[in-house]
Amino acid sequence: MKNAVIGNNKQKANLIVLGAVPRLLYLLQQETSSTELRTECAVVLGSLAMGTENNVKSLLDCHIIPALLQGLLSPELKFIEACLRCLRTIFTSPVTPEELLYADATVIPHLMALLSRSRYTQEYICQIFSHCCKLRHWHSCGFKSSPQPLLCANGPDHQTILFNHGAVQNIAHLLSSTSYKVRMQALKCFSVLAFENPQVSMTLVNVLVDGELLPQIFVKMLQRDKPIEMQLTSAKCLTYMCRAGAIRTDDNCIILKTLPTLVRMCNKERLLEERVEGAETLAYLIETDVELQRIASITDHLIAMLSDYFKYPSSVSAITDIKRLDHDLKHAHELRQAAFKLYASLGANDEDIRKKIIETENMMDRIVNGLSESSIKVRLSAVRCLHSLSRSVQQLRTSFQDHAVWKPLMKVLQNAPDEVLVVASSTLCNLLLEFSPSKEPILESGAIELLCSLTQSENLALRVNGIWALMNMAFQAEQKIKADILRGLSTEQLFQLLSDSDVNVLMKTLGLLRNLLSTRPHIDQIMSTHGKQIMQAVTLILEGEHNIEVKEQTLCILANIADGTTAKELIMTNDDILQKIKYYMSHSNAKLQLAAMFCISNLIWNEEEGSQERQDKLRDIGIVDILHKLSQSSDPNLCDKAKTALQQYLA
């Protein structure tokens, strides 16, 4: 059987269909079977697992994993190694749930104990660990709104379980093993354990192997004479330790070793997989650090080098290998998404770098094409890249305009998964800023409905972005747009947002209200239709338990209302609100005092009709006395404002 199935997928499938698996598992588990027989069974099962994903599914359905784990309790090393080799093959398949390794709590400590048995147990166990320590993928951090990372069930728990069972101590000494495969698998283990894990990363920094600290060992493994796989994986370890806060971003091992190694991996002489992994890891390393972004951008002409990611085949030398060419054509989209990710990180903060990226040949066309690719990974990275570049006022006014970027972006926003929606809606926020010429056409393409629907999302980041974009849209907008926004949102939804538990949503909603209630005719118009509800909302917020910023924003809305011609009356006839304004004039926080004073100034301004009656009413409730007190204030702003207000009484 063994000789028949090796390298022959058809034969493997035949044997599985004929029911060989349950029989092999039966023989494997029989105490009476000889060690040789049990070992041969494990070898054949391992060979079957090497076939297609369907083969692995068939093996899993027959409960192969518990049987093999049971086999690890045998005293016979050869049999243990065969079981581990088979487990390794099954766990490295994408169809196998990692949880199966953790179902029985005695398995991990037993595997740790087996690490000392032979170089094969070391290689296979490390490989099993690195494939069964699943984590979320990194998410680009938004600057205007950061997408929440999607946590897998029990994400960091795998790391914690392995860490608590002594993975670091048990695996560290394997880095000095004489076997390259063992060193390599140990290295991979560390990269998976350290990823986004400060606890593991802080521990690794201080681990000694043969008198040498781990980071120094990783740096040695970055040297150019080491195999590429080893250079890449140790660069990952150092990157993850740096991002988890265990190594400083200005440490020489990052600036002089890790970063240049990763840039080197982006060269077009490297294989497709190496270029993808190099670019993705580099994007993660520099994602939040401006200095690293600047260094990377001027290392080996990286920005121009990434331009080659959009031209395949991967290198001219590879054309001779037809198999490779076929493979690269199928995976060219991987290169594109990696390049977009790295461009997004490079341009996250620095205006000059953004300019360089945009001036790269056909850059905007590439992004526009990327937005409509079939691969979701490419679409997401293209949106990320666009988001990063959209932080530049200069680019919003020029390149974004010339390429009508908003068209494909609006298309991306129709029925995309949340993960894409969050970044795409952040980008839309930036495109809707008042100085962005894209504003008009975006409005005509139905953006208001789309954004209003985002404000009803379960996903917090989407609610924030929806309301943020509406706030940007309403800024200095004409009456018609404001009316459309109010119609699209509906009063109920506005109240829903004003009572949202998230302070970000609340602040952006208040910002929207403040932008809607600007310029007199608009203020009067909106207050004549929605006045009652808006005053109710203002009252609720000023009475609630909210932070200073929220209350200040709310008082600024009141000041805007007080600036209306007819809208003023809604405040003057509302004694409750007048008392609140009076209360905030004497508040301990100067920002709130100042905002309350703006309300008063707008109510008593002389040149306006009815100012005399308003002044008298406010004098009666004690406002003038407070103004006199404030005119003696040590805060120059308050003092000036109070004096100006008192002059209105004297005029």
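The values are calculated or read from the model by the stated rules, or taken from the named source; none is laboratory data. Since the model is a prediction, treat every value here as computed from it, not as a measurement. All Cβ positions, glycine included, derive from the backbone under ideal geometry; neighbour counts span all protein chains shown. Accessible surface is based on the protein model in full, side chains and every heavy atom, while ligands, DNA and RNA are left aside. Shrake-Rupley method; radii C 1.70, N 1.55, O 1.52, S 1.80 Å.
Here are the numbers:
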quantity	calculated
Gain in span if fully extended, His110 to Asn637, counting 0.36 nm per residue against the direct Cα distance	182.7 nm
FRET efficiency estimate (nearest 0.05) - Cβ-Cβ, Leu460 to Asn267, R0 45 angstrom	0.65
Accessible surface, 1.4 Å probe, highest first, among residues Thr573, Thr258	Thr573, Thr258
Accessible area per residue, Å², the chain with all protein chains present, probe 1.4 Å	44 Å²
Highest average packing first - 25-34, 410-419, Cβ atoms within 10 Å	410-419, 25-34
Heavy-atom accessible surface of the chain: percent carbon and sulfur, 1.4 Å	52 percent
Net +/- balance of residues flanking Ser499 in space, Cβ distance below 15 Å, scoring K and R +1, D and E -1	-3
Total charge dipole magnitude, the chain, about the Cα centre, Cβ charges on Lys, Arg, Asp, Glu only, Debye to nearest 20	1640 debye
Whole-number percent relative contact order across the chain, with pairs defined as alpha carbons under 8 Å at least 6 apart	6 percent
By average C-beta atoms within 10 angstrom, highest first, the peptides 552-560, 158-166	552-560, 158-166
Furthest towards positive pole of dipole, Pro260, Ala424, Ile581, structure part the chain, Cβ charges	Pro260
Furthest towards positive pole of dipole, Tyr26, Asn8, Thr89, structure part region 1-112, Cβ charges	Asn8
Whole-Hz couplings from phi, Karplus 6.51/-1.76/1.60, listed for region 294-303; x for Gly and Pro	5, 5, 4, 5, 10, 8, 6, 6, 3, 4
Computed E for Tyr180/Glu373 - FRET, C-beta separation, R0 56 angstrom, nearest 0.05	0.90
Theoretical gain in end-to-end length, Gln223 to Asp502 [0.36 nm per residue, Cα-Cα removed]	95.6 nm
Net charge of Cβ neighbours under 12 Å - reference Ile541; Lys, Arg +1; Asp, Glu -1	-3
Relative contact order of region 528-650, pairs being alpha-carbon contacts under 8 Å that are 6 or more residues apart, as %	20 percent
Peptides ranked, highest mean first, by Cβ atoms within 10 Å: ranges 489-502, 110-123, 459-472, 84-97	459-472, 84-97, 110-123, 489-502
Simple label model, 7 Å out from Cα along Cβ direction - Asp61 to Leu256, nm	5.9 nm
Added length on full extension, which subtracts the Cα-Cα distance from 0.36 nm per residue, Glu31 to Asp326	101.3 nm
³J(HN,Hα), Karplus 6.51/-1.76/1.60, whole Hz, each residue of region 531-547, x for Gly, Pro	x, 4, 5, 5, 5, 4, 4, 4, 4, 4, 6, 5, 8, x, 8, 10, 6
Net +/- balance of residues flanking Gly46 in space, Cβ distance below 15 Å, scoring K and R +1, D and E -1	+3
Efficiency of FRET from Cβ geometry, Glu359 and Asp300, R₀ 22 Å, rounded to 0.05	0.75
Within region 611-641, backbone nitrogen closer than 16 Å to the virtual label 7 Å beyond the Cα of Thr573 toward Cβ	614
J(HN,Hα) series, region 276-292, from Karplus relation 6.51 cos²θ - 1.76 cosθ + 1.60, nearest Hz, glycine and proline x	5, 5, x, 5, 5, 5, 4, 4, 6, 4, 9, 3, 10, 10, 4, 5, 5
Nearest 10 degrees, 0 to 90: helix 636-650 Cα axis against the chain principal axis	30 degrees
